[in-house]
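No lab work stands behind these numbers, since they all come straight from the coordinates. Quantities reported herein were computed from a predicted structural model and do not represent experimental measurements. Ideal geometry is used to build each Cβ from the backbone, glycine not excepted, and the neighbour counts take in all protein chains shown.
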Amino acid sequence: MKPDLFQAPDYYNIDELLTDEHRMVKDAAREWVKKEVSPIIEDAAQQATFPTSIVNGLAEIGAFGPYIPEEYGGAGLDQISYGLIMQEIERGDSGVRSTASVQSSLVMYPIYKYGTEEQRKKYLPKLASGEFMGSFGLTEPDHGSNPGGMVTNFKDKGDHYLLNGAKMWISNAPFCDVAVVWAKNEEERIHGLIVERGMEGFTTPETHNKWSLRASATGELIFQDVKVPKENLLPGRSGLGAPLSCLDSARFGIAWGAIGAAMDCYDTALRYAKERIQFGKPIAGFQLQQKKLAEMLTEITKAQLLNLRLGQLRNKDKATSAQISMAKRNNVEIAINIAREARQILGGMGITGEYSIMRHMMNLESVITYEGTHDIHLLITGLDITGIPAFK
Ligand code: TGC
Ligand code: FAD
């Protein structure tokens, strides 16, 4: 792969709107990605392996629990810092950002928000340091967009719960030490349970042959009569709203992350277009290529502003789920379109692993599907503006 010469586009001087702490956090993550992710990520993706060597670094830049309070091992940062870290990591690779998103928003967040003090103390510091890796089990083979229909269930057996069922498409599953699993009790009410590797009857087979997110490990969570101690239930909230509130946090991180991937594609295409000579001049001098580059930068700039405003609202706890959906949907769509246009600017070179664009493009096919598909987010906006649900 070519050396990482990334220069971030910032057409509207958005950096000026950030605090010193935001800039410090962003720069540290950017430098770390250049040094530790860029040199190894193409090989990891080609070989379809999760690069375990980056776990410690992710913990050091605060990517595991950026907004979790420091007393539990988190970085104690605000939502904009969280977004900036996700943006920089996904600039390197969406799969690496996935690992951080799941660990932070889908494992640490529910334990912090809905767990007991004992659960927080037991799990959060280890998750923040990367000693423990976590996964989040909501999706099932027959229940993806409609998680409320889940059939994974647990029964009260007096001194423990007995868990049965299966989750599919689970990021980090093959190597997770703990899984936050959503299942129905005997009254059909959804609860979160912390399941630990080593519990009898709990297995995590890996999903192979993916053409997307190849540097992220995906798998299943299978529960066959797993005895889960009663103290592993998350008592703070039940019902579908509990896992969906975790998705709000993860979707917010994706809205920022996708812009990172888009920025990398734009920057790569711009540099290539200035250097590549055809018909006696750089292809950047042709109007058709300028149209592509100008439109990419316009969309990136609009999405950066959307993210910043959403971050300000999140900092005041005022962002609605529907606002987060709009940003996730818009930003992933513009990122995937930018990746496709950027790939064309590179011509044949665009399909090789010499450049990051094709990898981003393939990764974004997962990003536009997970955490709520593109169409589901549109329906969430539709519901918000009309008051009429069109899901069923
Ligand atoms: P609905 O009846 O609308 O809602 C059920 C209850 O939930 C409440 N609620 C929310 N609460 C908090 N945050 C949200 N975003 C919420 N959205 C809804 C709602 O108020 C209600 O509460 P209550 O008290 O009245 O019961 O539910 P529905 O069954 O009609 O479904 C709505 C729909 C389709 C929007 C929802 O199911 C949905 O978002 N589906 C998409 C599923 C999804 O996003 N799955 C993601 C799995 S995790 C993942 O992909 C991780 S990838 C990680 C990575 O690698 O980066
Ligand atoms: P389906 O729900 O079957 O949808 C298929 C198509 O039908 C989509 O286009 C969808 O938009 C459309 N559709 C569905 N319902 C409607 C409707 N009401 N109206 C209109 N169109 C509709 N899940 C987890 O729980 N944890 C994870 O860590 C996780 N990681 C993932 C990692 C990867 C790489 C991938 C690909 C997925 C991951 N997922 C995870 C699962 C992901 O959230 C689901 O794939 C996603 O929610 C969609 O579910 P589905 O694949 O079953 O598609």
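Positive end of the dipole of the stretch 46-164, charges at C-beta (+1 Lys, Arg; -1 Asp, Glu), about the Cα centre: which of 92, 129, 147 has its Cα farthest in that direction?
Farthest towards the positive pole: 147.
Quick one: grab the alpha carbon gyration tensor of the chain, order the square roots of its eigenvalues as a ≥ b ≥ c, and give me rounded if a/c is under 1.5, else prolate or oblate depending on whether a/b is larger than b/c.
It is prolate, given that a/c is not under 1.5 and a/b is the larger ratio.
Sort out the exposed loop chymotrypsin sites (Phe, Trp or Tyr not before Pro) in the chain (DSSP loop, at most 16 other Cβ within 10 Å) and tell me the longest stretch that has none.
That would be 13-210.
If you average the C-alpha positions of the stretch 45-85 and of the stretch 266-330 separately, how far apart do those two centres end up, in angstrom?
A separation of 24 Å, based on Cα centres.
From the helices alone, meaning DSSP H stretches of at least four residues, give me the mean residue ellipticity at 222 nm for the chain, per-run term -39500 (n - 2.57), in deg cm²/dmol to the nearest 500.
Value at 222 nm, helices only: -15500 deg cm²/dmol.
With θ set to phi - 60°, apply the Karplus curve 6.51 cos²θ - 1.76 cosθ + 1.60 along the stretch 214-226 and write out the HN-Hα couplings as whole Hz, x wherever there is a Gly or Pro.
Along the stretch 214-226, the couplings run 6, 8, 10, 8, 10, x, 10, 10, 10, 10, 10, 6, 7 Hz.
Counting GluC sites (Glu not before Pro) as exposed when in a DSSP loop with at most 10 other beta carbons within 10 Å, what is the longest stretch of the chain free of them?
Here the longest run is 201-392.
In 10 Å bins starting at zero, report the fraction of Cα pairs in the stretch 60-184 per bin as a rounded %.
Histogramming the stretch 60-184 at 10 Å steps yields 13, 39, 34, 13, 1 percent.
Over all directions, what mean area does the Cα convex hull of the stretch 151-222 project, stated in square nanometres?
Projected area, direction-averaged: 5.2 nm².
Can you tell me which lysines have their Cα less than 27 Å from the Cα of residue 157? Leave out same-chain residues fewer than eight positions away.
Straight-distance partners of residue 157: 113, 121, 122, 167, 184, 227, 230.
Once you have a ≥ b ≥ c as the square roots of the Cα gyration tensor eigenvalues for the stretch 1-144, tell me rounded if a/c is under 1.5, and otherwise prolate or oblate according to whether a/b is larger than b/c.
Oblate is the answer for the stretch 1-144, as a/c is 1.5 or above yet b/c matches or exceeds a/b.
Can you run phi through the Karplus equation (6.51, -1.76, 1.60; θ = phi - 60°) for the stretch 158-163 and list ³J(HN,Hα) in whole Hz, with x for Gly and Pro?
x, 9, 7, 9, 10, 9
Please state the shape class of the stretch 166-319: rounded when a/c is under 1.5, otherwise prolate if a/b exceeds b/c and oblate if not, all from the C-alpha gyration tensor.
It is oblate, given that a/c is not under 1.5 and a/b is not larger than b/c.
Hey, what do the phi angles of the stretch 88-99 turn into as Karplus ³J(HN,Hα) couplings, whole Hz, using 6.51/-1.76/1.60 and θ = phi - 60°, x for Gly and Pro?
Working through the residues one at a time gives 5, 5, 6, 4, x, 5, 5, x, 5, 4, 4, 4 Hz.
Using a 10 angstrom cutoff on alpha carbons, build the Gaussian network for the chain and name the most mobile of 125, 39, 141.
141
Helix 374-386 against the longest principal axis of the chain: what's the angle in degrees, Cα atoms only, rounded to the nearest 10?
Between the helix axis and the principal axis of the chain, the angle is about 80 degrees.
Please sort by residue number the trypsin sites (Lys or Arg not before Pro) in the stretch 161-229 whose DSSP state is loop and whose Cβ has at most 13 other Cβ atoms within 10 Å.
Sparse-neighbourhood loop trypsin sites (Lys or Arg not before Pro): 189.
Run the numbers for residue 175 and residue 20: contour at 0.36 nm per residue of separation, minus the present Cα-Cα distance, in nm.
Stretched fully, the residue 175-residue 20 segment lengthens by 52.2 nm.
If you line up the long axis of helix 287-315 against the longest principal axis of the chain, both from Cα atoms, how many degrees apart are they, to the nearest 10?
40 degrees
About the Cα centre of the chain, what is the dipole size in debye to 20, counting +1 per Lys and Arg Cβ and -1 per Asp and Glu Cβ, all else neutral?
In total the dipole reaches around 780 debye.
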